[in-house]
6 protein chains.
Amino acid sequence: MSTWLPTLITKTPEEGYDLAVKPARMAIKLTQPGRDVRDRVRPVYAEDAEALIAVASDVATHLATVAAANGFWQDVA
Amino acid sequence: MSTWLPTLITKTPEEGYDLAVKPARMAIKLTQPGRDVRDRVRPVYAEDAEALIAVASDVATHLATVAAANGFWQDVA
Amino acid sequence: MSTWLPTLITKTPEEGYDLAVKPARMAIKLTQPGRDVRDRVRPVYAEDAEALIAVASDVATHLATVAAANGFWQDVA
Amino acid sequence: MSTWLPTLITKTPEEGYDLAVKPARMAIKLTQPGRDVRDRVRPVYAEDAEALIAVASDVATHLATVAAANGFWQDVA
Amino acid sequence: MSTWLPTLITKTPEEGYDLAVKPARMAIKLTQPGRDVRDRVRPVYAEDAEALIAVASDVATHLATVAAANGFWQDVA
Amino acid sequence: MSTWLPTLITKTPEEGYDLAVKPARMAIKLTQPGRDVRDRVRPVYAEDAEALIAVASDVATHLATVAAANGFWQDVA
């Protein structure tokens with residue numbers, strides 16, 4: 001697990017977005033380490049509108065962090 | 001998918017707002033890749049007040065990020 | 001729709017607050033474009049404590065953005 | 001209503017906190033302008049743990065804004 | 001009540017954390033001033049996972065504010 | 001308990017993430033000090049998608065704080 005988050009720096013906003021998805025998933029993994037349970041829970045929330053939106057909210061918070069880390073990729077614009 | 005988020009920089013606050021809506025939707029797409037399921041889930045939350053407000057919350061977080069990226073468009077004022 | 005958010009800059013905190021209410025409402029409009037449905041949904045959440053508080057949360061996030069855009073109106077104090 | 005939020009600047013953190021409570025309440029007032037309905041809704045959420053905590057969340061976001069506006073009252077320390 | 005939040009400045013991150021818990025509780029107190037009701041509501045949410053996590057969210061927002069106020073205690077490291 | 005949060009500074013983003021998980025858990029501990037109750041509540045939310053996502057949200061907020069404290073580990077990149 002030592003290399004899942006080596007840096008917050010990415011070349012582009014898209015890569016930053018992809019990075020922002022990771023810590024959201026990792027938090028769920030840490031709170032529910034059992035793969036079996038996660039596999040059972042996932043299809044439930046993947047069809048639940050409110051859960052999908054809540055996941056999107058976690059990603060939004062992480063994107064804010066990653067974007068700040070990258071100076072908002074202002075030089076990529 | 002390589003060009004859906006090329007930059008966080010926009011000319012105006014309105015364009016920034018339109019941009020802020022995108023990552024909110026993309027997060028849902030990534031969590032539920034099945035178009036069929038999304039098409040089934042969408043009409044449900046589109047009529048559900050709490051889900052609508054929750055989507056608005058995701059957009060709000062992204063707008064904060066996009067606004068910061070654009071120096072809050074202070075020179076557009 | 002090209003002029004609903006021309007700027008984040010306002011003269012006073014109150015005007016900033018009024019501005020912060022707009023993107024919260026716009027997000028709901030974008031997610032549920034049907035005026036009929038919105039008219040049906042609105043009275044429901046307008047009497048639902050949790051929904052009212054959730055709307056207030058969206059406004060809070062937008063006020064943070066608008067306040068930052070305006071240097072927190074420190075010179076108005 | 002022109003003077004309910006004249007400034008975000010306060011002398012002390014406590015006054016800042018008192019100020020942070022205001023926009024949270026105002027958002028509810030704007031979304032549900034009917035005093036009768038608010039009077040009916042209020043006792044419900046005032047006894048509902050999740051609603052109380054959600055109100056506290058709105059206040060937390062506003063306190064962050066007010067604190068930033070005041071340079072976190074660092075010179076008051 | 002004039003001294004419950006004299007400053008946001010603390011010596012250590014831990015003291016900052018303890019401070020962050022206070023405004024979260026105060027918001028609940030302000031919304032529900034009745035001690036009797038609070039005493040009745042508290043045991044309910046103290047056994048409710050979602051409520052516990054929501055309280056933790058309020059604390060997280062306040063810790064962000066307190067940490068910023070203290071320059072993130074970078075010189076304590 | 002005097003040493004559970006000695007600093008917000010970490011060497012790497014991963015260590016920062018591990019640190020961000022701590023205050024999220026501590027808030028739950030403070031709100032529900034009874035270990036018995038926590039042990040009873042935990043398995044419930046560990047199988048509840050919405051609770052898992054809500055925990056992830058708390059972690060996201062704390063990661064934002066920890067990342068800011070560490071200058072987003074820009075020199076680690």
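The values are calculated or read from the model by the stated rules, or taken from the named source; none is laboratory data. Computed from a predicted structure; not experimentally measured. Reconstructed Cβ throughout: ideal geometry from the backbone, glycine too, with neighbour counts over all protein chains shown. Quick note on the areas: whole protein, heavy atoms, side chains included, nothing else; ligands and nucleic acids left out. Shrake-Rupley method; radii C 1.70, N 1.55, O 1.52, S 1.80 Å.
Some notes on this structure:
- Scanning the stretch F:34-48 turns up no residue that is within 27 Å of E:Phe72 (Cβ to Cβ), charged (D, E, K, R) and open to solvent by 20 Å² or more (accessible area, probe 1.4 Å).
- Of the helices (runs of 4 or more DSSP H) lying entirely inside chain E, the ones with 2 or more residues being within 12 Å of D:Ala60 (Cβ to Cβ) are found at E:13-31, E:49-69.
- Among residues of the stretch A:29-45 that are under 12 Å from F:Ile53 (Cα atoms), those with a Cβ under 6 angstrom from a residue that is of a type in the set (A, V, I, L, M, F, W, C) and assigned to a loop (DSSP other than H, G, I, E, B), sequence gap 6+ or separate chain, pair up as A:Gln32/F:Ala46.
- Yes/no for B:Val21 being surrounded by fewer than 17 Cβ atoms within 10 Å (Cβ to Cβ) and not small (Gly, Ala, Ser): no
- D:Arg25 falls short on exactly one of the conditions (1) within 12 Å of chain E (Cβ to nearest Cβ); (2) over 19 Å from E:Gln32 (Cβ atoms); (3) among the charged types (D, E, K, R), and that condition is (2).
- Consider the stretch F:1-14 and keep the residues that are in contact (Cβ under 8 Å) with a residue 60 or more places away in the chain and open to solvent by less than 80 Å² (accessible area, probe 1.4 Å). The one that is farthest from the chain's Cα centre (by Cα) is F:Thr12.
- Criterion violated by D:Val66 - all others in (1) facing another protein chain (nearest Cβ under 7 Å); (2) closer than 22 Å to C:Tyr17 by Cβ satisfied: (1)
Residues are listed down the side, and each one gets a yes or a no for (1) more than 8 Å from chain F (Cβ to nearest Cβ); (2) modelled with pLDDT of 95 or more; (3) more than 15 Å from the chain's Cα centre (by Cα):
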residue	(1), (2), (3)
A:Gly16	yes, yes, no
A:Leu19	yes, yes, no
A:Val55	no, no, no
A:Thr61	no, yes, no
A:Val76	yes, no, yes
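- Taking the numbered list (1) touching a helix residue (DSSP H, G or I) at 6+ places or on another chain (Cβ under 9 Å); (2) within 7 Å of another protein chain (Cβ to nearest Cβ) in turn, C:Thr10 passes all entries but (2).
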